[in-house]
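Q: Sharing a structure with you now.
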């Protein structure tokens, strides 16, 4: 049956279709790389460093000095509801929303709390306090039964000037000296900032992301240097001897506990074998993180020297497979880096201090596409 359209019209329609298809392809290629991976992340500037501090007991100024996991910690004793320990930071006017993160970094695993992490605490804000102790205070966050050594909480700060962390209880099993905090960071989320990271993994994660002086520049500092205006909030959730199934089992409560986390950076596999169930567990972990609206990124399993054979190679290949199948931003190649630098492996498995710095740097370089050019 002859076409109802003249041949010239058909040719014109075909040319138009080709033009539109070409334009769409070109537009997709021109789309910023950050959008392909779930970005770009929005900045969450760090605004607490060097701010005026009041505390009871005294000594709270060390909490805003930028030094993590050092001997300079705030010792809060054994607080109770009737005699709490508190630290107040004068932020000043300006931010409309803040994220407060605290760390008790002398604990190793994320769920270690013996060395001074609080169990019961609240966060308060004030618009009229003059010294961090007087004035009217509004409770914006209340936590009971905390069981990890670092947390982050966001809250409204419109019209306020002071933030106060008030600790009212410690875990049932705690060191004889009581509360130890090494840093309290405040990030400005007024512009919708979501540059908040959870580093999830095994003992390597627990050690290299503790932000100790020997592990500087940390991931956050490396990002701040490479991307002006950015300074990520980070939580290190490493678990000694963890396997991928441990992370799958814990990921849902971890994400619920940390609702402000946007990116989950995963370093797992050094304790796993065989490769097939490892890949399946990794794929399930990625699925759950995405279902929660977060961005997963996987590091290639680091090369090891503790065995007479290449233990990590098939596991690193499994990371590659899951990354490709899920269309993820490729994470850092820790397998390749430590294979080329075995002298930076301290005990056949864990990085030495220079190796830890290299891991932080590799992560910052790998995830650069999540940030605007």
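The values are calculated or read from the model by the stated rules, or taken from the named source; none is laboratory data. This structure is a prediction, so every number in the text was calculated from the model and none was measured. Note: ideal-geometry Cβ built from the backbone for every residue, glycine included; neighbour counts use all protein chains shown.
Q: I'm told residue 272 meets every condition in (1) in contact with a helix residue (DSSP H, G or I) (Cβ under 6 Å, 6 or more places away or on another chain); (2) surrounded by fewer than 21 Cβ atoms within 10 Å (Cβ to Cβ); (3) assigned to a loop (DSSP other than H, G, I, E, B) except one. Can you identify the failing condition by its number?
A: (2)
Q: May I ask you to say which residue of 296, 330 is free of Cβ contacts under 8 Å to residues at least 60 places away in the same chain, closer than 21 Å to residue 195 by Cβ and outside any loop (DSSP other than H, G, I, E, B)? Reasoning before the result, please.
A: Values: 330 fails: outside any loop (DSSP other than H, G, I, E, B).
Of the residues listed, the single one that is free of Cβ contacts under 8 Å to residues at least 60 places away in the same chain, closer than 21 Å to residue 195 by Cβ and outside any loop (DSSP other than H, G, I, E, B) is 296.
Q: Wholly within the range 98-184, which strands (runs of 3 or more DSSP E) include no fewer than the required count, namely at least 3 residues that are surrounded by 19 or more Cβ atoms within 10 Å (Cβ to Cβ)? Spell out the reasoning first.
A: Details: elements: 120-126, 138-143, 150-156, 162-169, 179-181.
Passing ranges, in order: 120-126, 150-156, 162-169, 179-181.
Q: Are there any pairs, at least 6 apart or on different chains, whose C-beta atoms fall under 9 Å, with the first in the range 351-373 and at positive phi and the second in a helix (DSSP H, G or I) and at pLDDT 95 or above, and if so, which?
A: Close Cβ pairs (under 9 Å, with a partner that is in a helix (DSSP H, G or I) and at pLDDT 95 or above) do not exist here.
Q: If the requirement is being in the same structural domain as residue 358 (by TED's automatic domain parsing), part of a loop (DSSP other than H, G, I, E, B), touching a strand residue (DSSP E or B) at 6+ places or on another chain (Cβ under 9 Å) and within 20 Å of residue 338 (Cα to Cα), which of these qualifies: 309, 303?
A: Working: 309 fails: touching a strand residue (DSSP E or B) at 6+ places or on another chain (Cβ under 9 Å).
Criteria check complete, one pass: 303.
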